[in-house]
1. Taking the condition of being within 19 Å of residue 258 (Cα to Cα), part of a loop (DSSP other than H, G, I, E, B) and within 15 Å of ligand 2 (Cβ to nearest atom), how many residues in the stretch 297-339 meet it?
2. Being part of a helix (DSSP H, G or I), in contact with a helix residue (DSSP H, G or I) (Cβ under 6 Å, 6 or more places away or on another chain) and over 22 Å from residue 250 (Cα atoms) is the filter here, so list the residues in the stretch 188-204 that pass it.
3. Which one of these is surrounded by 15 or more Cβ atoms within 10 Å (Cβ to Cβ), within 14 Å of ligand 2 (Cβ to nearest atom) and more than 26 Å from residue 337 (Cβ to Cβ): 175, 180?
4. (1) surrounded by 20 or more Cβ atoms within 10 Å (Cβ to Cβ); (2) over 33 Å from the mean Cα position of the chain (by Cα); (3) assigned to a helix (DSSP H, G or I): which one isn't true of residue 17, the others all being true?
5. Can you spot a residue in the stretch 125-135 that is outside the structural domain of residue 202 (by TED's automatic domain parsing), in a helix (DSSP H, G or I), under 23 Å from the mean Cα position of the chain (by Cα) and over 30 Å from residue 258 (Cα atoms)?
6. Given the criteria outside any helix (DSSP H, G or I), touching a residue at least 12 places away in the same chain (Cβ under 8 Å) and over 21 Å from residue 133 (Cβ atoms), does residue 12 qualify?
7. Can you tell me which of 222, 202, 152 is over 22 Å from residue 236 (Cβ atoms) and in the same structural domain as residue 243 (by TED's automatic domain parsing)?
Ligand SMILES: [Fe+2]
Ligand SMILES: [Fe+2]
């Protein structure tokens, strides 16, 4: 008579059993396949590590005392490249089990003593599968969320980019200005040793720092020659207009301080908030140096671009009044010793 050994429909969970006793592998193979698991088994713990490197498994059940390395060492190796694998440890006698501290440190999710019956192991596997399914579900939702957020951010970026190009298209003298300010700011940030997050904020902040100019009338924005005091105070509204434009999108939250405060001066005589010294947001102090440098090195209707020597002495002269002295010094160092990096940016956005 045929034994009732049909394999249940697969539940899609891939299990790797590692035990140097082939008998255990064989009986677990029969038992797990019958319960609907996709089974693989190896007797060599080193081979198990390679397998996990090259193939996806949801669950690993492994023996503790093995040669040439023990189960905890197998886990130690695996955890170096895989933190997700759910691991159950099989121990022989209680006295031979690894200490609880090791089990926790290696992120082993459960252990059970070997016995002829698999009841306890089955319970453990069932709860493992529940946890694995939860984990997979959360991962899937997370991935989907990430993708949606990325699409949204992309759409926001594109619409604001359009605005930015509208500003720069109007005025040939500011064309490329935001791109250069963005890159100069990141360059200064790198020499200041800022984090990747801060560098990203500087990059985006530089691109959009003058977005508020969209709200300044063309006859003022494009006026050749000197502005009247009234016209100048109109121009001074562009940081606040910029903040207003960007404030509806959460993704621009981090760059708001740059947009709002890139015209503050270190001595407190800037605008719009007359902030002084270190009360000016740090990234805005960096963007301020980059912004002024680009203004000085760009042609205007009423003057040619300034020579590098004049620009350097202006920055030197105005540190502590207009600029954060530390930021100004770092920038002067770039101009003196790493000028090729500035040139690359200027060539790119000519
Ligand atoms: Fe500005
Ligand atoms: Fe600017």
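The values are calculated or read from the model by the stated rules, or taken from the named source; none is laboratory data. What you see is a predicted model, and the numbers here were worked out from it, not measured in a lab. No Cβ is skipped: glycine too gets one built from the backbone with ideal geometry, and neighbour counts run over all protein chains shown.
1. The number of residues fulfilling the criteria is 1.
2. 188, 189, 191
3. On the way: 180 fails: more than 26 Å from residue 337 (Cβ to Cβ).
Only one candidate qualifies: 175.
4. Here residue 17 clears every test but (3).
5. Filtering the stretch 125-135 for residues outside the structural domain of residue 202 (by TED's automatic domain parsing) gives 125-135.
Applying the additional criterion that residues be in a helix (DSSP H, G or I) yields 125-135.
Keeping just the survivors that are under 23 Å from the mean Cα position of the chain (by Cα) gives 135.
Add one more test, that the residue is over 30 Å from residue 258 (Cα atoms), and what stays is 135.
Within the stretch 125-135 (the criterion being outside the structural domain of residue 202 (by TED's automatic domain parsing), in a helix (DSSP H, G or I), under 23 Å from the mean Cα position of the chain (by Cα) and over 30 Å from residue 258 (Cα atoms)), the answer is yes, since at least one residue qualifies.
6. Numbers: outside any helix (DSSP H, G or I): yes; touching a residue at least 12 places away in the same chain (Cβ under 8 Å): yes; over 21 Å from residue 133 (Cβ atoms): no.
It is false that residue 12 is outside any helix (DSSP H, G or I), touching a residue at least 12 places away in the same chain (Cβ under 8 Å) and over 21 Å from residue 133 (Cβ atoms).
7. Details: 222 fails: over 22 Å from residue 236 (Cβ atoms); 152 fails: in the same structural domain as residue 243 (by TED's automatic domain parsing).
Criteria check complete, one pass: 202.
Condition check ((1) touching a helix residue (DSSP H, G or I) at 6+ places or on another chain (Cβ under 6 Å); (2) under 30 Å from residue 275 (Cα atoms); (3) surrounded by 14 or more Cβ atoms within 10 Å (Cβ to Cβ)) across all residues:
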{"position": "310", "(1), (2), (3)": "no, yes, no"}
{"position": "314", "(1), (2), (3)": "no, yes, yes"}
{"position": "318", "(1), (2), (3)": "no, yes, yes"}
{"position": "339", "(1), (2), (3)": "no, no, no"}
{"position": "346", "(1), (2), (3)": "no, no, yes"}
{"position": "350", "(1), (2), (3)": "no, no, no"}
